[in-house]
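> Structure in structure tokens, see below.
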Amino acid sequence: MSTGQFISRCTADAMTLAAAAIAQGHLVAFPTETVYGLGANATQESAVAKIYAAKGRPADHPLIVHIASMDEIGYWADEISEYAIALARNFWPGPMTLICQRSEVAKDFITGGQETVGIRVPDHVVALALLEAAKEIGVLGIAAPSANRFGHVSPTTAQAVREELDQYLSSDDMILDGGPSQVGVESTIIDCTGSNPHILRPGAITQAMIEEVTGLKVTDAQNEIRISGSLENHYAPEATVVLDTTPQSGDGYIAMSDKPTPAGVIRLASPQSVEEYARILYASLRDGDSQKINRICIDQPQGDGLAIAICDRLQRAARGR
Ligand code: TXA
Ligand code: MG
């Protein structure tokens with residue numbers, strides 16, 4: 001069964017249709033600057049249930065609510081801390097999710113029963129056009145996890161979404177094609193409920209950026225927040241991933257461009273910067289799977305900032321599915 005409507009030209013008419021689909025309780029996969037999301041009306045329980053069904057994701061895992069601008073944060077969150085506002089002002093639209101005290105609009109089926117809600121304004125013209133069009137017809141936010149089956153590698157192209165999910169979508173659902181995601185790893189998730197910000201998932205908004213804008217130290221205080229992204233079996237391709245090992249003939253290999261490719265090794269990516277590394281990583285892992293490579297050797301990038309986010313995902317991928 002192959003059913004979701006694939007929209008490659010995201011015209012104003014297409015956005016109106018997609019927003020109507022969201023308002024009517026259907027699913028719309030859409031591009032963001034991090035990865036593609038699988039969206040549903042965040043106030044409609046039956047619509048959100050379709051996300052869990054399509055992803056094969058356990059129903060007690062919280063979802064990020066995407067909004068068109070920071071003006072709408074007040075619908076979803078209560079008692080928003082001052083530093084959370086500063087982060088929103090500086091980094092939205094952008095690759096950052098803020099965890100705040102939920103308002104009564106954020107129901108258990110969004111928060112996984114927790115008292116907090118994750119909120120993000122994505123930085124992608126198609127995502128923002130969809131969010132705006134949906135807002136105009138009364139949708140307060142679009143819940144959207146990454147548009148992959150649970151535990152798999154996040155999709156960074158519409159084609160990858162189709163390969164992951166098409167058989168789980170219905171003919172009323174849509175996949176919007178907005179080209180390859182430019183950041184390539186999921187948003188930084190920041191718990192803003194404590195006196196200091198705390199990073200739950202590293203991403204392109206780095207600790208140094210957060211500290212600079214808030215004037216506060218990022219704490220590494222462990223807290224009780226459950227986060228499916230911190231489960232071990234996430235972000236994994238079919239292939240076995242091994243880190244920082246010399247590849248053997250027949251292995252796939254991902255490393256910075258200054259590393260040579262040993263004889264017989266299948267080079268999957270040679271990024272020249274950490275930004276490029278993040279952008280092409282997931283597509284390279286998918287490429288390895290489509291070539292039926294059994295083992296992919298990956299050299300972790302050096303440094304802090306975005307390299308930390310990449311290493312976080314690589315270490316999870318190396319633990320396998
Ligand atoms: O870049 C991204 O964040 C992408 C794009 C589509 O926006 N979305 C994404 O969603 O990565 P997802 O569901 O694949 O990962 C979101 C993570 C999950 O691990 C979830 O547990 C966590 O965010 N999360 C959501 N709400 C939360 C909350 N209230 N408290 C703690 N963690 C939360
Ligand atoms: Mg995900």
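> So between Ser249 and Ala263, what do we pick up on full extension, going 0.36 nm a residue minus the alpha carbon distance?
Numbers: separation 14, 0.36 × 14 = 5.04 nm, distance 0.64 nm.
Result: 4.4 nm gained on full extension.
> Also: Normalized C-alpha radius of gyration of the chain, against 2.2 N^0.38 Å?
On the way: Rg = 19.0 Å, N = 321, 2.2 N^0.38 = 19.7 Å.
So the chain has a normalised radius of gyration of 0.97.
> Hey, how many Å between the Cα centroid of the stretch 88-114 and the Cα centroid of the stretch 300-320?
Cα centroid of the stretch 88-114 versus Cα centroid of the stretch 300-320: 25 Å apart.
> Assigning unit charges at the beta carbon (Lys, Arg +1; Asp, Glu -1) and nothing else, what dipole magnitude in debye, to the nearest 20, does the chain show about its Cα centre?
Values: 24 positive and 39 negative charges, 167 e Å.
In total the dipole reaches around 800 debye.
> If you count only protein heavy atoms and use a 1.4 Å probe, how large is the accessible surface of Asp251, to the nearest 10 Å²?
Near enough 10 Å² of accessible area.
> Are there any trypsin sites (Lys or Arg not before Pro) in the stretch 1-88 that are in a DSSP loop and have at most 13 other Cβ atoms within 10 Å? List them by number. Mind dumping the intermediate values first?
Numbers: sites: Arg9, Lys50, Lys55; in loops: Arg9.
Here the sparse-neighbourhood loop sites are Arg9.
> Give the accessible area for Cys192 in Å² (nearest 10); use a 1.4 Å probe, count only protein heavy atoms, and leave out ligands, DNA and RNA.
Roughly 10 Å² of Cys192 is accessible to a 1.4 Å probe.
> Let me ask something else. Would you mind telling me the antiparallel percentage of the DSSP bridges in the chain, rounded to 5? Intermediate values should be presented prior to the final figure.
Working: 17 of 40 bridges.
For the chain, the DSSP antiparallel bridge percentage is about 45.
> Follow-up. Give me the 1.4 Å probe accessible area per residue for the stretch 5-214, excluding ligands and nucleic acids, in Å².
Numbers: 7570 Å² over 210 residues.
Per residue, the stretch 5-214 has 36 Å² of solvent-accessible surface.
> Once Lys and Arg get +1 and Asp and Glu get -1 on their Cβ, which of Ser8, Gly303, Ile110 lies farthest toward the positive end of the dipole of the chain?
So the residue furthest toward the plus end is Ser8.
> Where does the chain land at 222 nm, in deg cm²/dmol rounded to the nearest 500, when only DSSP H runs of n ≥ 4 count, each adding -39500 (n - 2.57), divided by all residues? Numbers along the way, then the final one.
Numbers: 10 runs with 99 residues, N = 321.
Calculated from helices alone, the mean residue ellipticity at 222 nm is -9000 deg cm²/dmol.
> Assuming 0.36 nm per residue, please report the length gained on full extension of the stretch Glu211 to Arg319 beyond their Cα-Cα distance.
On the way: separation 108, 0.36 × 108 = 38.88 nm, distance 3.08 nm.
Roughly 35.8 nm would be gained on extension.
> Rolling a 1.4 Å sphere over the protein heavy atoms, what is the accessible area per residue of the stretch 240-318, to the nearest Å²?
Numbers: 3580 Å² over 79 residues.
On a per-residue basis, 45 Å².
> Taking H placed 1.01 Å from N in the peptide plane, check which residues at least 5 places from Arg201 or on another chain put their amide H under 5 Å from its amide H.
It is Ile189, by chain and number.
> Give me the percent relative contact order of the stretch 240-318, please, defined on Cα pairs under 8 angstrom at least 6 residues apart.
Numbers: 129 pairs, mean separation 31.4, N = 79.
Once normalised by length, the contact order is 40 percent.
> Here's something else I'd like to know. Could you derive backbone 3J(HN,Hα) for the stretch 20-29 from the dihedral phi with the Karplus parameters 6.51, -1.76 and 1.60 (θ = phi - 60°), listing whole Hz in sequence and x where the residue is Gly or Pro?
Running phi through 6.51 cos²θ - 1.76 cosθ + 1.60 with θ = phi - 60° gives 5, 4, 4, 4, 7, x, 8, 9, 10, 7 Hz.
> Sorting Ile22, Ile64 by accessible area (1.4 Å probe), largest first, what list results?
Details: Ile22 0, Ile64 35 Å².
The residues order as Ile64, Ile22, largest area first.
> Enumerate the amide H contacts of Arg102 below 5 Å, restricted to partners 5 or more residues apart or on another chain; note that Pro and chain-start residues carry no placed amide H.
Placed amide hydrogens put Asp78, Thr116, Val117 under 5 Å from Arg102.
> Let me ask you something else. Compute the relative contact order of the chain as a whole-number percentage, counting only Cα pairs closer than 8 Å that sit 6 or more residues apart in sequence.
Values: 761 pairs, mean separation 66.9, N = 321.
Computed value for the chain: 21 percent relative contact order.
> Near the amide H of Tyr235, under 5 Å away, which other amide H atoms are found, from residues 5 or more places off or on another chain, if H is placed in the peptide plane?
Gly151, His152
> Using a 1.4 angstrom probe on the protein heavy atoms only, could you order Leu27, Leu140 from most to least accessible area? Display every interim value, and only then the final one.
Working: Leu27 5, Leu140 55 Å².
If we order Leu27, Leu140 from most to least accessible, we get Leu140, Leu27.
> Further question on the same structure: What list of ³J(HN,Hα) couplings, whole Hz, do you get for the stretch 272-282 from phi and the Karplus terms 6.51, -1.76, 1.60, once you set θ to phi - 60° and write x for glycine and proline?
Listing the rounded values in order: 9, 8, 5, 4, 5, 4, 4, 5, 9, 4, 5 Hz.
> Name the residue, out of Ile205, Ile254, Ile137, whose mean-square fluctuation peaks in a Gaussian network model built on the chain with Cα pairs under 10 Å.
Ile137
> Please report the carbon-and-sulfur percent of the accessible area for the chain; probe 1.4 Å, protein heavy atoms only, DNA, RNA and ligands left out.
Values: 6400 of 13300 Å².
C and S atoms contribute 48 percent here.
> Show me, for the stretch 208-214, the HN-Hα J-couplings you get by feeding each phi into the Karplus relation (A = 6.51, B = -1.76, C = 1.60, θ = phi - 60°), rounded to Hz, glycine and proline as x.
Result, rounded to whole Hz: 4, 5, 5, 5, 4, 6, 8.
> Hey, another quick one. Could you run the Debye sum over the Cα atoms of the stretch 240-318, one equal point scatterer each and no solvent, and tell me log10 of I(q)/I(0) at q = 0.23, 0.26 Å⁻¹, two decimals?
Each listed q corresponds, in turn, to -1.07, -1.38.
The values are calculated or read from the model by the stated rules, or taken from the named source; none is laboratory data. Given the structure is predicted, the values throughout are model-derived calculations rather than measurements. In this analysis, Cβ positions are derived from the backbone assuming ideal geometry, glycine residues included, and neighbour counts consider all displayed protein chains. Keep in mind that these areas ignore ligands, DNA and RNA; they rest on the heavy atoms of the full protein, side chains included. Shrake-Rupley method; radii C 1.70, N 1.55, O 1.52, S 1.80 Å.
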